[in-house]
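Taking it in order: structure first as structure tokens, then the write-up.
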Amino acid sequence: MSHYLIELYSPNTQWGALSATERQQFVDNVQLAMGNLSHLGVEILTLSETDSTIDKSTGHRFVGVWRFADIQTREMLLAGIKASGWYNYFDHVNAAGSDNGFEAHLVALAAG
């Protein structure tokens with residue numbers, strides 16, 4: 001069973017207050033930390049800007065979609081994101097779920 005994490009985020013005023021050098025240093029540190037993720041069973045499905053032209057679009061500027069073999073690896077990534085100081089610089093929302101399939105989803109919806 002796969003597990004997923006969906007992130008929606010936008011830079012906040014604290015990010016905007018950083019100098020270009022400080023922002024680049026932060027991004028460089030994130031890139032360095034992300035280097036070994038695939039060896040840990042973390043798969044990046046997408047990291048991109050959101051498409052604001054779709055119906056009911058989010059107000060967040062960026063989206064990240066990740067896949068994990070187990071919940072422990074997902075929790076490890078979330079702990080690393082938090083420890084990096086990411087949440088200080090981005091207005092951020094997380095959603096997580098697992099492979100349950102369409103039929104299981106319909107049953108859950110009907111159950112309320």
Could you tell me what percent of the accessible area of the chain is made up of carbon and sulfur, with a 1.4 Å probe and every protein chain present? 56
Highest mean first, how do 42-54, 67-79 rank when packing is the count of other Cβ atoms within 10 Å averaged over residues? 67-79, 42-54
Using R₀ = 25 Å, calculate the FRET efficiency as 1/(1 + (r/R₀)^6) where r is the Cβ-Cβ separation of residue 98 and residue 40; round to 0.05. 0.85
With a 1.4 Å probe and all protein chains left in place, how much accessible area per residue does the range 1-78 have, in Å²? 65
Dipole magnitude (debye, nearest 20) for the chain, charges at Cβ of Lys, Arg, Asp, Glu: 200
Percentage, to the nearest whole number, of Cα pairs in the range 33-112 over 20 Å apart: 48
J(HN,Hα) series, the range 45-51, from Karplus relation 6.51 cos²θ - 1.76 cosθ + 1.60, nearest Hz, glycine and proline x: 7, 6, 9, 7, 6, 6, 8
Segment residue 6-residue 30, length gained on full extension (0.36 nm per residue, minus Cα span): 6.9 nm
Inter-label distance, nm, simple model (7 Å from Cα along the C-beta direction), residue 107/residue 72: 2.8
For the range 1-75, rounded, prolate or oblate, judged on the Cα gyration tensor with a ≥ b ≥ c (square roots of eigenvalues), a/c < 1.5 rounded, else prolate if a/b > b/c? oblate
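The values are calculated or read from the model by the stated rules, or taken from the named source; none is laboratory data. Small disclaimer: the values here were computed from a predicted structure and weren't measured. Neighbour counts run over all protein chains shown; Cβ positions are idealised from the backbone, glycine included. Just the protein is used for accessible areas: all its heavy atoms, side chains included, with ligands, DNA and RNA removed. Shrake-Rupley method; radii C 1.70, N 1.55, O 1.52, S 1.80 Å.
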